[in-house]
Amino acid sequence: QNLQNLRLARFWLRWKRLFMLRVEIAARSFYQLLPTSTNFVRRVPLRAQMSGGNATPSKRKMGKKIGTHDGTFHCDEALGCFLLQRTKEFEGAEIVRSRDPAVLAEADVVIDVGAVYDPATNRFDHHQKGFSEVFGHGHVTKLSSAGLVYKHYGKEIVARVLELEETDPNVNKIYLKVYKSFIEAVDAVDNGISQWESDQPPKYTNSTDLSGRVGKLNPHWNEEWNAAVLYERFLSAKTLAGVEFLDSVNYFGKVWLPGRKHVVEAIEGRHAVHASGEILQLGQYCPWKEHLYELEQELKVEPPIKYCLYEDGTGKWRIQTVSVGPGSFENRRGLPKAWRGVRDADLDALTGVPGSIFVHAAGFIGGHKTLDGARAMAFKALEIE
């Protein structure tokens with residue numbers, strides 16, 4: 001049931017993203033009929049975050065320009081332009097696509113072209129020889145134009161999206177999390193950095209393939225190819241990248257982060273569940289795995305937690321194993337082999353705990369009708385070799 005709920009949640013998220021993109025593109029098509037329509041995101045108040053704040057035309061900052069290269073576009077400058085338009089300084093700025101130095105010289109900020117990285121003059125390119133800027137905070141991936149913009153403006157943008165003060169400690173947490181889970185993959189793909197190296201853990205997380213999907217918005221070889229077509233396609237790419245960025249910030253700020261306190265409470269109370277401290281019991285189900293890995297390091301949890309107990313959406317209880325690390329299918333301690341793939345009464349006979357529901361054939365999750373029963377299964381699982 002929990003897996004089914006997860007699939008439904010993922011389906012809803014994908015549907016929402018597609019719906020919002022289609023609405024934005026349809027709105028842009030309408031506003032193309034207006035002679036003053038140069039930046040459809042600022043003229044369509046579909047949601048405040050997409051407009052970067054106040055969408056009232058009379059209050060827009062007029063005259064500023066964001067410069068980037070023309071021709072084939074990529075995810076990094078599409079996302080970078082979106083991010084800049086979410087800042088107070090460049091909110092509502094016009095996007096100019098050109099490689100002409102004279103044209104770019106008139107722009108207030110230039111990204112992904114010009115062979116200059118100089119935050120003091122608002123130049124954010126990463127193609128020049130000797131460029132080696134990284135995000136820091138443990139990340140060693142070379143930055144693209146999106147990463148450069150995010151590094152310098154990300155905290156302000158996150159704070160504005162979540163309607164928090166930039167000095168709020170949670171802003172920094174989300175700023176770092178969004179880079180790791182979303183922005184870094186854009187940087188890596190644009191710089192041609194492989195995600196995998198032999199059998200080592202992945203160098204970065206790439207769960208969206210956003211760069212590939214943005215690339216597909218470029219005209220095909222046998223389609224019309226001119227500045228006007230490319231500009232319109234670029235705006236679509238900017239919206240696609242922007243919608244997913246906002247989804248990422250909102251997820252980590254409003255769904256992921258609030259769950260952290262529940263995992264902290266469960267870790268602090270783990271010895272009351274079992275003397276070993278190896279069983280976690282959540283008082284409230286939430287996205288717990290990533291928090292657990294991070295908190296184990298921060299709190300120096302020893303021995304590592306093996307099982308997590310939580311109530312599913314039907315009032316029954318689950319016992320889930322903890323994998324050796326994020327993204328791994330190898331468990332620290334799987335459920336007993338004899339239990340795997342067995343259900344109901346047959347499982348009761350093996351566990352000695354009436355009310356058992358199932359244990360997955362892969363041994364990573366099981367279920368029981370009650371909390372006491374789930375606890376008993378976990379206790380036995382720790383004892384059985």
* To do: Output the helices (runs of 4 or more DSSP H) that fall wholly within region 31-109 and possess 3 or more residues being modelled with pLDDT of 50 or more and surrounded by 20 or more Cβ atoms within 10 Å (Cβ to Cβ), or say none.
  => 75-84
* To do: Write out, first by first residue and then by second, each pair whose Cβ atoms fall under 9 Å of each other, whose residues are 6+ apart or on separate chains, and whose first residue, in region 158-179, is part of a loop (DSSP other than H, G, I, E, B) while the second is β-branched (V, I, T).
  => L164/V158; L164/V171; L164/I174; E165/V171; E166/V158
* region 267-282, residues that are within 28 Å of the chain's Cα centre (by Cα) and either open to solvent by 50 Å² or more (accessible area, probe 1.4 Å) or without any contact (Cβ under 8 Å) to a residue 24 or more places away in the chain (or both) -> E268
* Asked: Just wondering, is there one or more residues in region 357-367 that are under 10 Å from R318 (Cα atoms), modelled with pLDDT of 95 or more and small (G, A, S)?
  -> yes
* **Residues within region 133-154 that are charged (D, E, K, R), surrounded by fewer than 19 Cβ atoms within 10 Å (Cβ to Cβ) and assigned to a helix (DSSP H, G or I), tallied** => 0
* Asked: Would region 293-303 turn up any residue that is among the β-branched types (V, I, T) and touching a residue at least 60 places away in the same chain (Cβ under 8 Å)?
  -> no
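The values are calculated or read from the model by the stated rules, or taken from the named source; none is laboratory data. Quick caveat, the model's predicted, so the values are computed rather than measured. Neighbour counts run over all protein chains shown; Cβ positions are idealised from the backbone, glycine included. Each accessible area value is taken on the protein alone, full model and side chains, heavy atoms only, with ligands, DNA and RNA left out. Shrake-Rupley method; radii C 1.70, N 1.55, O 1.52, S 1.80 Å.
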